[in-house]
Amino acid sequence: MELRPGYKRTEVGVIPEGWAVTTLGKVAQFRTGPFGSALHKSDYTADGIPVINPMHIIDGDLSPSAEMSVTEEAARKLTDFRLKAGEVVLGRRGDMGRCALVQRKHEGWLCGTGSMIVRPGSAIEPGFLSRILSSPSVVASIEQTSVGSTMINLNQGTLRSLLVQLPPVSEQRAIATALSDVDALLTQLDRLIAKKRDIKQAAMQQLLTGKTRLPGFGGEWQGVGLREIATFRTGPFGSALHKSDYTFDGVPVINPMHIIDGKLVPTAAMSVTESAAQGLSEFRLRENDLVIGRRGEMGRCAVVKRESDGWLCGTGSMIVRTIGSVDPSYLQRVLASPSVVSAIEESSVGSTMINLNQEVLGSLTVQLPAFEEQTAIATLLSDLDAELSALKARRAKTRTLKQGMMQALLTGRTRLP
């Protein structure tokens with residue numbers, strides 16, 4: 001392939017002519033975290049000086065845990081391992097690529113046994129260094145050369161010999177700033193998502209209990225037993241389906257794992273032939289049915305939409321079919337609410353895995369407003385769900401954009417003004 005003007009071929013690929021290639025050992029120093037024997041049981045305390053191991057390096061930031069911290073006295077004995085602003089802390093065990101720039105707020109924290117401190121020299125910008133060390137190409141290179149049969153273990157020798165591309169420092173700084181701006185946007189979206197989720201939870205708590213009424217609605221709510229307003233059908237025994245009945249991309253079988261955030265999310269591998277599904281017609285889902293997970297984590301519940309009509313209720317699920325003036329979408333919200341989930345968990349059977357049966361479900365009492373109010377509540381909560389989904393989609397798109405930016409900027413394929 002012909003080179004673009006202003007680019008050259010190197011050991012790390014095609015990069016701009018003004019960039020250099022060097023080993024990391026020439027532009028940075030390293031210090032592996034202390035041996036485990038350097039810290040004793042008596043050194044640990046709650047909410048002390050955080051100890052940073054790979055598990056605490058998340059999405060380019062340091063997230064300490066209160067129980068993994070030591071006394072100030074213990075930390076003073078390990079001065080060489082205390083973090084300073086502008087350093088990079090890197091996980092050296094397990095998943096490679098866990099890497100974070102040490103900020104001023106992290107100063108004095110302790111590098112753990114499973115981590116390593118990378119101290120950049122004047123030729124490499126700290127923010128750029130952290131991006132390079134977490135980039136897919138560098139992670140792949142580390143994984144190929146690191147030791148460990150069951151768990152990758154990164155050592156200083158591997159890092160010293162690592163080849164990296166090096167733009168001028170001013171360009172390194174610009175690249176790091178551009179990527180940090182995207183990180184800031186992701187953080188802002190995370191806060192918006194958390195806030196919207198809290199609003200939704202509060203709305204559910206208020207609206208589903210009648211503590212808050214929507215404008216235009218009044219009148220008393222009725223407490224009714226669930227068996228008075230719905231019928232139940234437990235999914236077929238596992239023996240009803242044979243190995244030969246399964247096929248790829250056939251009629252979906254819905255087990256609890258396929259009920260996610262109030263929606264049915266089938267997998268192509270968990271499906272059966274049409275003839276097998278016809279033989280189990282009483283377990284086929286109908287539009288506006290509810291399907292609820294009856295094993296494991298309670299609260300998994302979804303309304304069957306038109307596109308899911310005819311799918312098959314799996315062994316681990318149960319069909320709830322409403323009777324009379326009950327809005328299925330409202331009932332789904334009730335069955336997934338914390339208070340009902342708690343009641344189910346207290347009443348269900350199973351020593352290691354909760355198992356919901358028809359008797360437990362039918363004995364539940366739910367609060368039921370008039371049908372019109374049920375629909376209004378369900379609609380408002382669905383609108384909140386849509387807003388939350390839009391924020392999550394925006395975050396996912398921004399994260400994908402960031403990955404593309406990293407690849408383009410760190411290789412010089414895209415240059416900043």
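Across the range 59-65, rounded Karplus estimates of 3J(HN,Hα) from the backbone phi angles (6.51 cos²θ - 1.76 cosθ + 1.60, θ = phi - 60°) give 6, x, 9, 9, 10, x, 10 Hz, Gly and Pro being marked x. Ordered from longest to shortest, the equivalent ellipsoid semi-axes for the chain are 52, 26, 23 Å, each the square root of 5 times a Cα gyration tensor eigenvalue. Phi-derived couplings, Karplus 6.51 cos²θ - 1.76 cosθ + 1.60 at θ = phi - 60°, listed residue by residue for the range 114-119: x, 10, 9, 8, 10, 9 Hz, with x used for Gly and Pro.
Taking amide H as placed 1.01 Å from N in the peptide plane, Ile354 has its amide H under 5 Å from the amide H of Gly296, each at least 5 places away in sequence or on another chain. Amide H contacts of Gln29 (H built 1.01 Å from N, in plane; Pro and chain starts excluded): Arg119, Gly121 sit under 5 Å, all sequence-distant by 5 or more or on other chains.
Under the convention that each Lys and Arg Cβ holds +1 and each Asp and Glu Cβ holds -1, the size of the dipole of the chain around its Cα centre is about 1300 debye.
Near the amide H of Thr247, within less than 5 Å, lie the amide hydrogens of Ser271, Val272, Thr273, all on another chain or at least 5 residues away, with H placed in the peptide plane.
How large is log10 I(q)/I(0) at q = 0.15, 0.24 Å⁻¹ when the Debye formula is applied to the Cα atoms of the range 313-399, each weighted equally and without solvent? These q points yield log10 I(q)/I(0) values of -0.75, -1.18. Can you find, among Thr231, Thr273, Gly108, the residue sitting farthest towards the positive end of the charge dipole of the chain, where Lys and Arg contribute +1 and Asp and Glu -1 at Cβ? It is Gly108, whose Cα lies furthest towards the positive end.
Each label point was placed 7 Å from the Cα along the Cα-to-Cβ direction; for Arg76 and Met405 their separation is 4.4 nm. Please find the FRET efficiency linking Asp385 to Thr365, where r is the Cβ-Cβ separation and R0 is fixed at 25 Å, and quote it to the nearest 0.05. The value I calculate is 0.45. Cross-link check: pairs Lys84/Lys195; Lys243/Lys305; Lys263/Lys392; Lys211/Lys305 evaluated at a Cα-Cα cut-off of 23 Å; pairs beyond the cut-off: Lys84/Lys195; Lys243/Lys305; Lys211/Lys305. The distance between label points at Asp61 and Gln144 comes to 3.4 nm (points 7 Å beyond Cα on the Cα→Cβ vector).
FRET efficiency for the Gln206 to Lys305 pair, using the beta carbon distance and R₀ = 35 Å, is estimated at 0.85.
Can you pull out the GluC sites (Glu not before Pro) in the range 59-143 that DSSP calls coil and that have at most 11 other Cβ atoms within 10 Å? Let's see the in-between values first.
Values: sites: Glu67, Glu72, Glu73, Glu87, Glu107, Glu143; in loops: Glu67, Glu87, Glu107.
Those that pass, being in a loop and sparsely packed, are Glu67.
None of the figures in this text is laboratory data; all of them are computed from the coordinates on show. The structure presented is a predicted model; accordingly, all values stated were derived computationally and were not measured. Because the Cβ atoms are built from the backbone with ideal geometry, glycine has one as well, and the counts that use them run over all protein chains shown.
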